[in-house]
Amino acid sequence: MSNRSAAELARKLRKGQADAVDVAEEAFARIEAVGDPAIFVETLRPRAMAEARAARKRLKAGTPASLLDGVPVAWKDLFDLERRVTTAGSVVLRSAPAASRDAALVAAGKAAGLVSIGCLNMTEFAYSGIGLNPHYGTPRNPNDRLVHRSPGGSSSASGGVVAAGIVPISIGTDTGGSIRIPASFNGVVGYKSSTGHYPMAGVFPLSRTLDTLGPLANSVEDCVLADAVLRGLKRPQARARDPKGLRIIVPETLVFDDAEDAVVQNFEGSLQRLRRAGAKIRRVKMPVFQHILDLVAARGHILGAEALAVHWSRVKGADAARMDARVVKRILLAEKMTAVDLVVVMEERKRMIAEAEAILDGALLAYPTTPHVAMPIAPLEADQDVFFRNNARTLRNTMLGNFLDWCGVSIPNGTDAAGMPTGFLLSAAHGQDMDLLSAALGTEEIIRGS
């Protein structure tokens, strides 16, 4: 199954050129072949094989449940799966009650015939852009076989499991960049939806205001298909848009600061190809970006306040000693916020969203997903100060979109000299998901340079 697209696999399944049970067995064989025990918190062979047998029956009868019936999928360990404890990448939840039902999106995937292979490792409680996990191990970035590099977080295994060819689709969450960063670091496509695009029922929260969901896959087409079947649609709503006349704004504020040469060069190369294809590119100042960082530095972040509320009893009790010390430290930073701070941040956010949407005026925004490629994890594990500096840098570009409630798609657009991927981020205003996906479909090959 290595790097096979979901769309290609689904077509073969419908034509009888592949068998859903064999495909599921291939996924488990690939897990063994890759040999990284930190990818899955738990595999789900009995469930997967039952779902694959049901898919085989439907496909043989010519009555597929959806366009992706029989295609393997893996879920970030924030999604409830019936009769399983959702650990959220932590050991402190192991004794919690098992889920009584699937999360709403998992149930939608099952109804569509997706075959759930397992639950993916992640940063504990989804609170980091780097992807380290001291409890279950840190998944390897499969683009470097010699050096253990960051998989990106917090959906750390969600990018690597696709890049390693184990499953063609994984489902993650994104609160500050947790889909788009792993997509960028691992060289896959990641789609972060607008808030409210998918149901959040049965998903362990980090920030109820900012949490979003979405797929990671080998192509934009795969993400579009996943989006459609997870919303119960028979056909995708997104249609490839001709890049000619497409309006794209490139911000000149903040997002290129301290960016690695390869990141900038690959981005500019993608931009030049888009311009030659007829896209209208405009560079603008966006002071709202710097204002967001200044506001968070002065008043704190919505994410921090809501995470502290979710985990108050844990970080203030005995469980704190069993948690990742880096996660505990980040959560406790929000103690400095006052009620006035939170109200000011919420009100300023509304104003900034309106300001940013006025600048966009229906255009897309483009800039590097992350200012750097995946870094070796050894220095990050050895020194908390190094970790926190790099974590802030990793999250900087993507968190802007969460704060402004944008949707976004990260598309691979090259590598650096060491072969590590870079990402090109297309974003759109809240609710413009289909416009964004349509544009991404029409520009993906141009952005990739393929």
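The values are calculated or read from the model by the stated rules, or taken from the named source; none is laboratory data. This structure is a prediction, so every number in the text was calculated from the model and none was measured. As a convention, Cβ positions derive from the backbone with ideal geometry for all residues, glycine included, and neighbour counts pool all protein chains shown. To get the accessible areas, we keep the full protein, side chains included, count just its heavy atoms, and leave off ligands, DNA and RNA. Shrake-Rupley method; radii C 1.70, N 1.55, O 1.52, S 1.80 Å.
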Among (1) touching a Pro at 6+ places or on another chain (Cβ under 7 Å); (2) open to solvent by 10 Å² or more (accessible area, probe 1.4 Å), the one test that Leu105 misses: (2)
Restricting the range 2-24 to residues that are in contact (Cβ under 8 Å) with a residue 12 or more places away in the chain, open to solvent by 10 Å² or more (accessible area, probe 1.4 Å) and assigned to a helix (DSSP H, G or I), the residue that is farthest from Asp222 (Cα to Cα): Val21
Answer from Pro236, Pro215 - the residue that is buried (at least 19 other Cβ atoms within 10 Å of the Cβ), touching a helix residue (DSSP H, G or I) at 6+ places or on another chain (Cβ under 9 Å), part of a strand (DSSP E or B) and not β-branched (Val, Ile, Thr): Pro215
Test for Asn143: is it open to solvent by 10 Å² or more (accessible area, probe 1.4 Å) and in contact (Cβ under 8 Å) with a residue 60 or more places away in the chain: yes
Every residue from the range 259-283 that is aliphatic (A, V, I, L, M) and over 15 Å from Pro421 (Cα atoms): Leu271, Leu274, Ala277, Ala279, Ile281
Candidate set from the range 321-378 (those that are touching a Leu at 6+ places or on another chain (Cβ under 6 Å) and assigned to a helix (DSSP H, G or I)); member that is farthest from Met420 (Cα to Cα): Glu348
Per-region count, the range 251-282, residues of a type outside the set (S, T, N, Q), over 14 Å from Pro368 (Cβ atoms) and open to solvent by 30 Å² or more (accessible area, probe 1.4 Å): 7
Hits in the range 300-334 (condition: within 18 Å of Arg389 (Cα to Cα) and surrounded by fewer than 19 Cβ atoms within 10 Å (Cβ to Cβ)): Ala325, Lys329, Leu332, Leu333
Matching entry among Ser170, Ser154 (being within 24 Å of Leu93 (Cα to Cα), open to solvent by less than 10 Å² (accessible area, probe 1.4 Å), polar (S, T, N, Q) and assigned to a loop (DSSP other than H, G, I, E, B)): Ser154
Some residue of the range 179-190 being open to solvent by 10 Å² or more (accessible area, probe 1.4 Å) and either outside any loop (DSSP other than H, G, I, E, B) or farther than 19 Å from Phe388 by Cα (or both): yes
Unmet requirement for Glu348, which otherwise passes all of (1) closer than 29 Å to Ala429 by Cβ; (2) touching a residue at least 40 places away in the same chain (Cβ under 8 Å); (3) under 25 Å from the mean Cα position of the chain (by Cα): (3)
Test result for Ala418, in contact (Cβ under 8 Å) with a residue 12 or more places away in the chain, surrounded by fewer than 16 Cβ atoms within 10 Å (Cβ to Cβ) and more than 28 Å from Asp242 (Cα to Cα): yes
Tally of residues being among the acidic types (Asp, Glu) and open to solvent by less than 30 Å² (accessible area, probe 1.4 Å) across the range 25-37: 1
Yes/no for Ser66 being modelled with pLDDT under 95 and open to solvent by less than 70 Å² (accessible area, probe 1.4 Å): no
Looking only at the range 79-101, and only at residues there that are touching a strand residue (DSSP E or B) at 6+ places or on another chain (Cβ under 8 Å) and part of a loop (DSSP other than H, G, I, E, B), the one that is surrounded by the fewest Cβ atoms within 10 Å (Cβ to Cβ): Arg84
